[in-house]
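Data first, discussion second: the structure below is written as structure tokens.
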Amino acid sequence: MSLLLPNFIAGRWQAGNGAGTPLFDPVLGDELVRVDATGADLPTAFAFARDNGGAALRALSYRERAALLANVAGLLQSHRDAYYAIATANSGTVKNDSAIDIDGGIYTLSSYAKLGETLGDRSFLVDGEAAKLSKGGLFQSEHLLLPTRGVALFINAFNFPSWGLWEKAAPALLSGVPVIVKPATATAWLTQRMVQDVVDAGLLPPGALSVICGSSAGLLDQLQPLDVVSFTGSAETAALIRSHPAIVQRSVRVNIEADSLNSALLLPGDGPGSAAFELLVKEVAREMTQKSGQKCTAIRRVFVPEALYGAAAEAIAARLAKTTVGNPRNESVRMGALVSRAQLASVREGLALLQGQADVLHDGSAQPLIDADPAVACCIAPTLLGTRTPDSAGRVHDTEVFGPVATLLPYRDTAHALALVQRGQGSLVSSLYGSDPAALGAAALELACWHGRVHVVSPDVGALHTGHGNVMPQSLHGGPGRAGGGEELGGLRALNFYHRRAALQASTAVHAALVR
Ligand code: NAP
């Protein structure tokens, strides 16, 4: 039997007392490890984190907590090889794709370590200027941001076991809020190992970081009014979490990052051979194949002027044809596997659904898998779909296929394109391609309300831009409506979620005693 990974709760390692759920290698089919949370004493786990972890973190200043983040980043850096090995085995990703998760997580931690340093030796933050409430100004109102006195519970998705933890834990720990992470079962190993390394190194106070792998049963019941929950995953699970009695009755703050029909839009005026056209083609092919399309931010819908539909299909297909698929251990492979048989089945199902309203413009499945048995490996080749009737193809605007799949859609004019993009009902990101700064700026403003991020690619930044799907700690991550309505990252803005805002109404002497 494979190793049963212990959970770290209430300051000690504890194994679940059930049989455990096995985690698999999605390419070779081997069982790797097991996870289990049966019998975990959740009330004690949450109380320990709240009382011990929270108190210890709040006793430190922002600068001191920033130093802890820098130490964690340094430690993770020193174990990178082990993390890459786990990612290859359990996520089935090629090295470049594992890097987005592993190095992306470490980079985000380091970024928050630097940002935290700028907050200095304070124990709370001041929000804006004081306002006079009395004649002469002796009695004033000032808004304070105080680290919330609860735990931050993270329920994470399978696609980013490293980054998904650290992009949330960095602002939480910097804010002085202890973290309990429940990784998605399919890829929980990497999250568990990283927490284990940090715990074993004694870098954080007891109770500051806990990990519970396995079933989510009972977790939400533990939530108290000052706790916060960050969820990343499907819209269905998000709806269950939002309506959970503990969250509804205790007004627990929730952040949801759900699925999203992200788009790429080539504005009119740049045809085949132009820099903007080539940049769109390159980005679409990259987004479709990176992490086998298992990125919440991946491009799912591609909009081009009607006259360019054929040329765009040809150019994207030509790039996709170069994508070798198979075992990530083979150096000639560019795209590894989906994470599980369940995801493979779900992608096939989604593809079949979309094909009811769209044609197949490129199907990479004619190329054999490299070093992988198609009967075992969860590998699937990239597929570009397309339809000349985007208005009536409702499914392409609301079905997220979480794999290497995108749909090409032609538009008549810019107004038509913008209206079609908005049929995603709120997305994490839209990218715009063109060479006219005024047109790009105007389109970006039209789309901004519907997106957490608008990524504009003009030829002058062609070699510099950070990528449609890459989430940078400096920029907001989240999106309205369908995308869950959440907000993460965005530099120090992320700290708001982990602080409570309170107005202090008092004499200037009291303010001066507190806020120096
Ligand atoms: P999922 O099935 O909703 O699972 C997400 C997490 O919720 C997992 O940890 C899962 O645990 C847990 N969970 C399942 N049922 C639960 C319940 N009743 N109560 C509490 N927690 C529960 O989603 P997924 O299939 O792992 O992830 C894929 C989806 O995530 C995609 O749709 C993608 O778009 C979205 N996503 C969004 C973002 C973003 O930032 N917006 C990022 C990544 C992914 P188990 O694994 O143990 O079931």
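Just so it is clear, none of the values below were taken in a lab; they were calculated from the coordinates. The model shown is predicted, which means the values in this text are computed figures rather than measured ones. Positions of Cβ are generated from backbone atoms using ideal geometry, with glycine treated the same way; all protein chains shown enter the neighbour counts.
Evaluated at q = 0.16 Å⁻¹, the base-10 log of the normalised Debye intensity for segment 276-369, with identical point scatterers placed on the Cα atoms, takes the values -0.75.
Using the per-residue mean of other Cβ atoms lying within 10 Å as a proxy for protection, in what order, highest first, do the peptides 483-489, 416-422, 10-16, 90-96 fall? Mind showing how you got there, number by number?
Details: 483-489: 22.4, 416-422: 20.0, 10-16: 16.9, 90-96: 24.6.
Most protected by this proxy first, the peptides run 90-96, 483-489, 416-422, 10-16.
When Lys and Arg each count +1 and Asp and Glu each count -1, what net charge do the other residues less than 11 Å away from D391, Cβ to Cβ, add up to?
Numbers: positive: R388, R412, R423; negative: none.
Taking every Cβ under 11 Å from that of D391, the sum is +3.
Extents of segment 351-487, largest first, come to 49, 36, 31 Å (Cα atoms, principal axes, whole angstrom). Protection proxy ranking for 352-360, 172-180, 402-410, using the average of other Cβ atoms within 10 Å per residue and placing the highest first: 172-180, 402-410, 352-360. Only DSSP H runs of four or more residues enter the estimate; each adds -39500 (n - 2.57), and after division by the residues of the chain the mean residue ellipticity at 222 nm equals -10500 deg cm²/dmol.
Could you calculate the FRET efficiency of T237 with R80 from 1/(1 + (r/R0)^6), where r is the beta carbon distance between them and R0 is 41 Å, rounded to 0.05? Intermediate values should be presented prior to the final figure.
On the way: r = 31 Å, r/R0 = 0.75.
Efficiency, rounded to the nearest 0.05: 0.85.
Using C-alpha positions alone, give me the convex hull volume of the chain per residue in cubic angstrom.
On the way: hull volume 81.0 nm³, N = 516.
For the chain, the hull spanned by Cα atoms encloses 157 Å³ per residue.
Its alpha carbons give segment 1-66 an Rg and a Dmax of 16.7, 48 Å. Segment N496..S134, full-extension length gain: 127.4 nm, with 0.36 nm per residue of separation and the alpha-carbon distance subtracted.
Test of understanding: what is the full-extension gain from A503 to A444, defined as 0.36 nm times their sequence separation minus their Cα-Cα distance?
Details: separation 59, 0.36 × 59 = 21.24 nm, distance 3.56 nm.
So the extension gain works out to 17.7 nm.
Applying 1/(1 + (r/R0)^6) with R0 = 51 Å to the Cβ-Cβ distance of E64 and S332, what FRET efficiency is obtained, to the nearest 0.05? Mind dumping the intermediate values first?
Details: r = 48 Å, r/R0 = 0.94.
The formula returns an efficiency of 0.60 here.
A cut-off under 13 angstrom between Cβ atoms defines the neighbours of S274, and their net charge, with Lys, Arg +1 and Asp, Glu -1, is -2.
With a cut-off of 12 Å between beta carbons, the residues surrounding A258 carry a summed charge of -2, where Lys and Arg count +1 and Asp and Glu -1. Put simply, the Cα atoms of segment 265-323 extend 31, 22, 18 Å along their principal axes, the longest span coming first.
On C-alpha positions alone, give me the angle between the axis of helix 341-355 and the longest principal axis of the chain, in degrees, nearest 10. Compared with the principal axis, the helix lies near 50 degrees. Quick check for you: which residues of segment 253-285 have the amide N under 19 Å from the point 7 Å beyond the Cα of A311 toward its beta carbon? Residues passing the 19 Å test: 264-285. Computed from label points 7 Å out along Cα-Cβ, the spacing between A419 and R250 is 4.7 nm. Extension gain for A321-R12 works out to 106.2 nm (0.36 nm per residue, less the C-alpha to C-alpha distance). For segment 315-408, the fraction of alpha-carbon pairs lying more than 20 Å apart is 37 percent, rounded to a whole number. Would you check the chain for Lys pairs whose C-alpha atoms are within less than 26 Å, ignoring same-chain pairs closer than 8 in sequence, and give me the count? Here the count comes out as 17. Compared with the dominant principal axis of the Cα atoms in the chain, helix 275-289 is inclined by about 70°.
The angle separating the long axis of helix 188-200 from the principal Cα axis of greatest extent in the chain is about 30 degrees.
Across every direction, the projection of the convex hull enclosing the Cα atoms of segment 61-143 has a mean area of 7.5 nm². Taking the fewest neighbouring Cβ atoms within 10 Å as the starting point, the ordered list for E31, E129 is E129, E31. Residues of segment 272-310 with the amide nitrogen closer than 17 Å to a label point 7 Å from the Cα of D436, along Cα-to-Cβ, please. Of the residues in segment 272-310, 272, 274-277, 304-308 have backbone N under 17 Å from the label point off D436.
Between Q367 and L514, what's the calculated FRET efficiency when r is the beta-carbon distance and R0 is 51 Å? Round to 0.05.
FRET efficiency, Q367 to L514: 0.15.
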